[in-house]
1. Taking segment 17-48 on its own, how many of its residues are under 23 Å from Leu66 (Cα atoms) and either surrounded by 10 or more Cβ atoms within 10 Å (Cβ to Cβ) or touching a helix residue (DSSP H, G or I) at 6+ places or on another chain (Cβ under 7 Å) (or both)?
2. Please specify each residue of segment 32-69 satisfying the condition of being among the acidic types (Asp, Glu) and more than 11 Å from the chain's Cα centre (by Cα).
3. Quick one: in segment 49-69, which of the residues that are assigned to a helix (DSSP H, G or I) and in contact (Cβ under 8 Å) with a residue 24 or more places away in the chain is surrounded by the fewest Cβ atoms within 10 Å (Cβ to Cβ)?
4. Among the listed residues Leu26, Leu4, identify the single one that is more than 9 Å from the chain's Cα centre (by Cα) and touching a residue at least 24 places away in the same chain (Cβ under 8 Å).
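Bear in mind that the values in this text are calculations on the coordinates, not laboratory data. The structure presented is a predicted model; accordingly, all values stated were derived computationally and were not measured. A quick note on method: Cβ atoms are made from the backbone with ideal geometry, for glycine too, and the neighbour counts reach across all protein chains shown.
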Amino acid sequence: VQRLCLARALAVEPDTLLLDEPTSALDGASAEVIGALIADHVSAGGTVVLVSHDHGLIKSVAAQVLVLE
């Protein structure tokens with residue numbers, strides 16, 4: 001479901017993506033694909049606001065990280 005929703009969102013070429021746990025319940029390979037899509041969106045000038053417990057994903061795509069405790 002996450003992949004379909006992200007594909008649908010990217011199809012309209014938004015400036016900003018708001019993502020809540022986009023890789024939850026995905027296998028490692030699928031999570032890597034989602035991470036690559038996020039990184040591509042950012043490198044193309046887009047903005048992503050991402051909420052996740054996956055620190056590896058965040059470190060791989062984020063320019064700025066805010067941690068709430």
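1. 22
2. Once the filter is applied, which keeps residues that are among the acidic types (Asp, Glu) and more than 11 Å from the chain's Cα centre (by Cα), segment 32-69 yields only Glu69.
3. Among them, the one singled out is Ser60.
4. Sole residue among the options that is more than 9 Å from the chain's Cα centre (by Cα) and touching a residue at least 24 places away in the same chain (Cβ under 8 Å): Leu26.
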